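The values are calculated or read from the model by the stated rules, or taken from the named source; none is laboratory data. Everything numeric here is computed off the predicted structure, so don't read it as measured data. When we count neighbours, we look across all protein chains shown, and the Cβ atoms used for this are built from the backbone with ideal geometry, even at glycine.
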Amino acid sequence: MRKVRYLFWVLFVLFLAIFLLITLFFINLKYLPHKAINDLYSTRDFIGKIFDRCYSVQAAAKGPQFKILKDRICVGNVNSSGSKFTMKTFEGLDPKTFREIGSYGYFADKDTVYYNNILINANPLTFRALKGYYAKDASKIFYKGLEVDADYASFEMVSFCCGYARDKDKVFYYQKIVENVDPNSFEKIGHGYYKDNTNIIYGNSIMTDVDYDTFELIEESVYGANDKNHMYDTGLLVTEKNYK
């Protein structure tokens with residue numbers, strides 16, 4: 001009889017615990033927006049977030065952050081609204097060979113390479129960061145995890161701050177090709193302006209109606225320049241000397 005009572009109470013407590021977990025699950029579904037749930041932790045991992053030793057939510061941080069535990073890698077990222085930063089176990093990473101590559105969102109283990117938690121097709125043994133969001137392995141160039149259509153052997157960075165790179169045939173601006181620019185003569189002027197042997201470039205565009213020979217920077221301005229005919233601010237034609 002005593003064993004029966006003991007078994008009854010064990011089953012009762014187990015049932016009660018399961019009931020409470022299910023109740024908490026549906027309270028979350030009912031009172032939190034689905035987007036918020038998915039941003040903080042996917043609904044299907046609701047039970048997992050209770051027991052996940054990596055799990056934490058804090059004020060938004062910039063880019064992924066990592067924590068290495070004995071048996072797992074904790075990886076965090078900002079949610080889509082930019083309001084919260086969630087850290088949780090990243091399944092499949094090998095803690096013994098895990099490494100962060102550069103400081104722009106790349107990480108890898110012995111088998112895989114990721115950019116901002118997204119698997120990319122790269123060789124983890126040869127993968128390394130370049131400047132900014134550019135990176136490469138033994139055969140490919142990447143920008144923010146996407147493969148760049150560049151000549152591997154001649155690819156090089158032109159500017160760290162402004163996303164410019166080039167190979168023997170093309171000039172790139174944040175992975176996009178800047179059309180009709182000569183990569184061999186492409187060089188920095190300053191204030192965000194660049195030039196080749198015939199053009200003045202700002203961003204990913206060739207500036208029009210610019211007098212090439214007289215174009216110069218306005219030193220007291222952050223983004224200002226002029227030529228014999230016009231004045232410019234952030235690559236745009238202006239009519240007043242109103243630079244910040």
Condition check for L119: of a type outside the set (V, I, T), under 27 Å from F85 (Cβ atoms) and surrounded by 14 or more Cβ atoms within 10 Å (Cβ to Cβ): no
Top-ranked residue in the range 177-209 [being of a type in the set (V, I, T), surrounded by 13 or more Cβ atoms within 10 Å (Cβ to Cβ) and farther than 14 Å from L237 by Cα; ranked as modelled with the highest pLDDT]: V181
Any chance S103 is modelled with pLDDT under 70, out of contact with any Ser or Thr (no Cβ under 9 Å at 6 or more places or on another chain) and surrounded by fewer than 13 Cβ atoms within 10 Å (Cβ to Cβ): no
The range 178-236, residues that are on the phi < 0 side of the Ramachandran plot and among the β-branched types (V, I, T): V178, V181, I189, T198, I200, I201, I206, T208, V210, T214, I218, V222
Failed item in (1) on the phi < 0 side of the Ramachandran plot; (2) not in a strand (DSSP E or B), with G132 passing the rest: (1)
Flag for G163 being under 16 Å from G132 (Cα atoms) and buried (at least 19 other Cβ atoms within 10 Å of the Cβ): yes
Some residue of the range 153-175 being of a type in the set (D, E) and under 15 Å from Y106 (Cα atoms): no
The range 210-229, residues that are surrounded by 14 or more Cβ atoms within 10 Å (Cβ to Cβ) and among the aliphatic types (A, V, I, L, M): V210, L217, I218, A225
Strands (runs of 3 or more DSSP E) fully within the range 166-218 counting 2 or more residues that are within 23 Å of A153 (Cα to Cα), of a type outside the set (G, A, S) and touching a residue at least 12 places away in the same chain (Cβ under 8 Å): 171-173, 176-178, 187-190
Qualifying residue in the range 230-243 (condition: basic (K, R), surrounded by 11 or more Cβ atoms within 10 Å (Cβ to Cβ) and closer than 26 Å to A150 by Cα): no
